[in-house]
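The values are calculated or read from the model by the stated rules, or taken from the named source; none is laboratory data. Quick caveat, the model's predicted, so the values are computed rather than measured. Quick reminder, even Gly has a Cβ in these numbers, built from the backbone with ideal geometry, and neighbours come from all protein chains shown.
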Amino acid sequence: MAHTTEEVLAGLAELINDETGISADQVALEKSFTDDLDIDSISMMTIVVNAEEKFDVKIPDDEVKNLTTVGEAVDFITKAQA
Amino acid sequence: MSPLSQSHGAKFTRIMSLGAARGDLVVSNDEIAGPIDSSDEWIRQRTGIIERRRSSDAEHAIDLAVRASNEAIQSAGISPDEIGAVIVATISNVVQTPSLAALLADRVGATPAAAYDISAACAGYTYGIAQADALVRSGAAKHVLVVGAEKLSDFVKPTDRSISFLLGDGAGAAIVGPSDTVGIGPTLWGSDGSKWDAVGMDRPLKEAFDDPEGEFPTLRQDGQTVFRWAVWEMAKVAKEALEKSGVTAEELTAFVPHQANMRIIDEFAKQLGLPESVLIARDIETTGNTSAASIPLAMHRLLQEHPEASGGLALQIGFGAGLVYGAQVVTLP
């Protein structure tokens, strides 16, 4: 079943917390993964792979480079589920 | 009936011994950090590397290979003339031809053993073990010297932030020979050339030759692509290698992955769900990533630190530029 934007954001926040320890309430749509949340490229890839599994979507390597903010990732995952 | 006869070799094979040689210089993160606008902390956090070993100008890949090989030959208790083939896995031979292996065979007194190099990057050593196992069982050679030898510092660019700062120099050697019991499990190996561009040299030799103002080719990688493949795809390969060998993770004494990056090793171990009893090789911390040399170097160190592991089972897996991969369960010498 497709997840809503809110569900994807909450799920992503949980994955980010698992990988980096950043508290879920810090993870907001406008936050940049690198500049605001200080997530490095390796952690980002771990989060991406876990997100693929959690939301049953494919996020190609080339696409990962375009996902600079949490909002862009949520948007991509929400659309990819459709 | 054909008049031809076919050769037959030993029923089983094993790794009889290992040898190791690391570059003669210790290179700290601080020495590397400047040109990549980085810091000791940044490098440690992203790679787990505290320092790497590199060779001085006077020390070449062949010198590292000779040192490691002599130790392995001596530990195996064989004479060099009992070696029927010398296989060197390397991406840092300084000439296109001839091979490093032919020179090595001569230097260690194994002439006229068959000698050739393998270009399978960080999977090269596991490819070499696969071939040595087959050569000994087929009767093509009684003993095989398999060496991963790299002087990667010849191919790094100090300002490159993708891979150069990870790399070290070293050689690891193994003697593969006949055994009374199975010492080398089935090899699971393969390639994925659709990711040919993910890691490798940044330009062809000829292009650099035609452009005297330009830079010499050096190594670079797309770190995220390689990381994803190296952990999640290789975890599947590692699991399959265990299944093919009829071994469970609980039965392993050690896990010796290619020493690419500590973050890869940690995530890899997590994905495999290895029990805490399994020793995990983490030689990268002080040696750096030495490509084809990393598995035998890491296994050699693990056995020095844990001599009681000898005789136990180890899962070794190499993966790298190609992309290529190879994995097998072996009995620790």
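Residues are listed down the side, and each one gets a yes or a no for (1) closer than 14 Å to B:LEU188 by Cβ; (2) among the basic types (Lys, Arg); (3) surrounded by fewer than 19 Cβ atoms within 10 Å (Cβ to Cβ):
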residue: B:MET234; (1), (2), (3): yes, no, no
residue: B:ALA254; (1), (2), (3): no, no, no
residue: B:ILE265; (1), (2), (3): no, no, no
residue: B:PRO275; (1), (2), (3): no, no, yes
residue: B:VAL278; (1), (2), (3): no, no, no
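Given the structure, is B:GLY139 out of contact with any Pro (no Cβ under 7 Å at 6 or more places or on another chain), of a type outside the set (A, V, I, L, M, F, W, C) and at pLDDT 95 or above? Give the derivation first.
Values: out of contact with any Pro (no Cβ under 7 Å at 6 or more places or on another chain): yes; of a type outside the set (A, V, I, L, M, F, W, C): yes; at pLDDT 95 or above: yes.
Against the criterion (out of contact with any Pro (no Cβ under 7 Å at 6 or more places or on another chain), of a type outside the set (A, V, I, L, M, F, W, C) and at pLDDT 95 or above), B:GLY139 qualifies.
Residue check, B:VAL182 against (1) at pLDDT 95 or above; (2) within 14 Å of another protein chain (Cβ to nearest Cβ), all met but one. Which one?
All conditions are met except number (2).
In the stretch B:1-24, which residues are in a loop (DSSP other than H, G, I, E, B) and under 18 Å from B:ILE83 (Cβ atoms)?
As a first pass, look at the stretch B:1-24 and keep what is in a loop (DSSP other than H, G, I, E, B): B:1-11, B:23-24.
Answer for the stretch B:1-24, where residues must be in a loop (DSSP other than H, G, I, E, B) and under 18 Å from B:ILE83 (Cβ atoms): B:SER7, B:GLY9, B:ALA10.
For the stretch B:92-108, enumerate the residues that are at pLDDT 95 or above, under 12 Å from B:ALA61 (Cβ atoms) and among the small types (Gly, Ala, Ser).
Residues satisfying the conditions are B:SER99, B:ALA101.
Taking the criterion of being in contact (Cβ under 8 Å) with a residue 60 or more places away in the chain, β-branched (Val, Ile, Thr) and surrounded by fewer than 24 Cβ atoms within 10 Å (Cβ to Cβ), would at least one residue in the stretch B:122-137 satisfy it?
no
Collect the residues in the stretch A:1-59 that are within 14 Å of chain B (Cβ to nearest Cβ), outside any helix (DSSP H, G or I) and either over 23 Å from B:ARG44 (Cβ atoms) or touching a Pro at 6+ places or on another chain (Cβ under 7 Å) (or both), keeping them in residue-number order.
A:LYS58, A:ILE59
Can you name the number of the only condition in (1) away from every other protein chain (no Cβ under 14 Å); (2) touching a strand residue (DSSP E or B) at 6+ places or on another chain (Cβ under 9 Å) that B:GLU233 fails?
Looking at each condition in turn, B:GLU233 falls short on (1).
State all residues of the stretch A:60-78 that are out of contact with any helix residue (DSSP H, G or I) (no Cβ under 7 Å at 6 or more places or on another chain) and away from chain B (no Cβ under 14 Å); if no residue qualifies, say none.
A:THR69, A:GLY71, A:GLU72, A:ASP75, listed by residue number.
Six or more apart or on different chains, Cβ under 7 Å: which pairs go from a residue in the stretch B:208-234 that's closer than 27 Å to A:ASP62 by Cα to one that's acidic (Asp, Glu) and in a loop (DSSP other than H, G, I, E, B)? Could you list them?
The qualifying pairs are B:PRO217/B:ASP202; B:THR218/B:ASP160; B:THR218/B:ASP202; B:ARG220/B:ASP160; B:ARG220/B:ASP202.
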